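All remarks here apply to the structure that follows.
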Amino acid sequence: MGRANRVVLAYSGGVDTSVCIPYLKQEWGVQEVITLAANLGQGEELEPIREKALKSGAAKSLVADVTEEFVKHYAFPAIQANALYENRYPLSTALARPLIAKLLVDAAAEYGADAVAHGCTGKGNDQVRFDVAIAALNPNLKVLAPAREWGMSREETIAYGERFGIASPVKKASPYSIDRNLLGRSIEAGSLEDPWVEPPEEIYAMTKAIGDTPNEPEYIEIGFEQGIPTHLNGQSLHPIDLITQLNQVVGTHGVGRIDMVENRLVGIKSREIYEVPALLVLIQAHRELESLTLTADVAHYKRGMEDTYSQLVYNGLWYSPLKAALDAFIHQTQERVSGTVRIKLFKGNAVMVGRQSSNSLYSPDLATYGADDQFDHKAAEGFIYVWGLPTRVWSQRNKG
Ligand code: ARG
């Protein structure tokens, strides 16, 4: 008896997930492996990946085109939440995991599988995200993670695959581990493992080096409706097109690179490089529009929620009750976050230079230092007396 009869495996076409196919069958006695590849806008041909799974021994090879769902239901809510893990990483990889988990759970039900599987190792965040999301969606479904147990080195994994006719990767020399989708690229390993070493230019694919960016600034305008980006330069765009075009224009100016040492949930610090041009600028622009349309107390309170939200997503708790509660809060705050933000892109910088909204709470009559000032200056004195009273009393008691 094997560990399962029929398994749905999350499949990327890479070495690890390909080797999982023969490994599950040979070592763990699985009868049938059904692979599932998700199109998340990574810009890869899915047909060769679909065929590679069959060549590697899959009984069935599924491809799910979920780019639109990914953008609308995972990326856009994260933008509304201004989600940045450790104040920097916009969760481009983390956001894809709960969606892939949902696809696995649905496919397992459709094809009568008694387990699902993924190719994550035991050191990363992604294993946590898959396992917890799957448990949330179907607590009775078994999750198999061969790469967490097989103990093979990179070389051994490739050699194992070759025994079963799995072609080793084209660029055997590439030492990097790269995850990619429409939102961005996450790059780790190789020379990047030394946090003192500057990332070599070759690792980047979506953003230009500052030396190669245009010598003239470029202005763009992003329009939002209730916290959702809808327009680029006045033109209404489909969510996928909006992200695609924005990645292009923002990346051209060298904006969107992140080089950070981050704290993984499993306790390890890791050096990670991200390229997230559109996502990063969208969060900045969204925040900018919120500064115009949210009251001070909501804006300040939301900052704390955003931090909690980012940690939940990073730590694999997308389908958790606290996350659902935060979603409700954030959704409520977005009702009037509509308008346009103007951004100047130049030499690696995205500077927010203008913002406007028909829901703007900015009042020129109150803000102006000019003649038409409507603010009651005399009222300030009484306000300050009351505001400062506790401090005054405290001082009198302690400084006597
Ligand atoms: N550290 C990031 C995260 O946990 C990205 C990991 C992606 N994997 C990779 N092969 N670079 O979300």
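Please tell me the relative contact order of the stretch 122-223 in percent, rounded to the nearest whole number, where contacts are Cα pairs under 8 Å and at least six residues apart.
Relative CO of the stretch 122-223 lands at 11 percent.
Could you report the chain's accessible area per residue, 1.4 Å probe, as an integer in Å²?
On the way: 19800 Å² over 400 residues.
Here the residues of the chain average 49 Å² of exposed surface.
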Aspartates and glutamates with Cα under 19 Å of Lys60, excluding same-chain neighbours fewer than 8 positions away: Asp16, Glu32, Glu45, Glu47, Glu51, Asp106, Glu110, Asp114
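Keeping all protein chains in place and using 1.4 angstrom, which order do His331, His73 fall into by accessible surface area, from largest down?
Heavy-atom accessible area, descending, gives His331, His73.
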Which value in Å does the Kirkwood hydrodynamic radius of the chain take, with 1/r averaged over all unlike C-alpha pairs and then inverted? 23.5
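Output the relative contact order of the stretch 181-257, whole-number percent, from Cα pairs under 8 angstrom with separation of 6+ residues. Mind showing how you got there, number by number?
Numbers: 66 pairs, mean separation 24.5, N = 77.
It comes to 32 percent, rounded to a whole number.
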Using the crude model of +1 on Lys and Arg Cβ and -1 on Asp and Glu Cβ, and no other charge, please compute the dipole size for the chain relative to its Cα centre, in debye to 20. 920
Straight-line reach only, C-alpha to C-alpha below 20 angstrom: list the lysines that Lys208 could link to, leaving out same-chain residues fewer than 8 apart. Lys344, Lys347
Among Gln26, Leu103, Pro48, flag the residue with its Cα farthest along the positive direction of the charge dipole of the chain, charges on Cβ as +1 for Lys/Arg and -1 for Asp/Glu. Gln26
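Between the DSSP loop rule and a limit of at most 16 other Cβ atoms within 10 Å, which trypsin sites (Lys or Arg not before Pro) in the stretch 36-137 are left? All intermediate terms of the calculation are to be shown ahead of the outcome.
Details: sites: Arg50, Lys52, Lys55, Lys60, Lys72, Arg88, Lys102, Lys123, Arg129; in loops: Arg88, Lys123.
Here the trypsin sites (Lys or Arg not before Pro) that fit, given the DSSP loop and packing criteria, are Arg88, Lys123.
Gln226 to Trp196: FRET efficiency via 1/(1 + (r/R0)^6), r the Cβ-Cβ distance, R0 45 Å, to the nearest 0.05?
0.50
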By a straight-distance test (C-alpha under 20 Å), which aspartates and glutamates pair with Lys302 as possible cross-link partners, with residues fewer than eight away in the same chain excluded? Glu86, Glu225, Glu288, Glu290, Asp327, Glu335
Taking GluC sites (Glu not before Pro) that fall in a DSSP loop and have at most 12 other Cβ atoms within 10 Å as cut points, what is the longest piece of the chain between them? 46-334
How large is the accessible surface of Asp179 in square angstrom, using a 1.4 angstrom probe and rounding to the nearest 10? 40
With axes computed from alpha carbons, what is the tilt in degrees of helix 277-293 against the longest principal axis of the chain, rounded to the nearest 10 within 0 to 90? 30
Restricting to Cα pairs below 8 Å that are 6+ residues apart, what does the relative contact order work out to for the chain? Please round to a whole percent. 17
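Carbon and sulfur: what percent of the chain's accessible surface (1.4 Å probe)? Write down the numbers at each step before the final one.
Details: 10150 of 19800 Å².
So the carbon and sulfur contribution to the accessible surface is 51 percent.
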At 222 nm, what value in deg cm²/dmol follows for the chain if DSSP H runs of at least 4 each add -39500 (n - 2.57) and the sum is divided by all its residues, to the nearest 500? -12000 deg cm²/dmol
Taking the dipole of the chain about the Cα centre (Lys, Arg +1; Asp, Glu -1; charges at Cβ), the one of Ala205, Gly256, Gly190 that reaches farthest to the positive side is Gly190
Taking only Cα atoms and a 10 Å spring cutoff, compute GNM fluctuations for the chain and point out the largest among Val261, Val337, Val386. Val386
What is the Rg over Rh value, at two decimals, for the stretch 39-156, using alpha-carbon atoms and the Kirkwood definition of Rh? 0.97
Distance from the stretch 103-154 to the stretch 203-270 (C-alpha centre basis), Å: 31
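The values are calculated or read from the model by the stated rules, or taken from the named source; none is laboratory data. On a predicted model such as this, the values are computed, not experimentally measured, just so you know. Neighbour counts are summed over all protein chains in view; Cβ atoms, including those assigned to glycine, are modelled from backbone coordinates with ideal geometry. We work out accessible area using only protein heavy atoms, side chains counted, and drop any ligands, DNA or RNA first. Shrake-Rupley method; radii C 1.70, N 1.55, O 1.52, S 1.80 Å.
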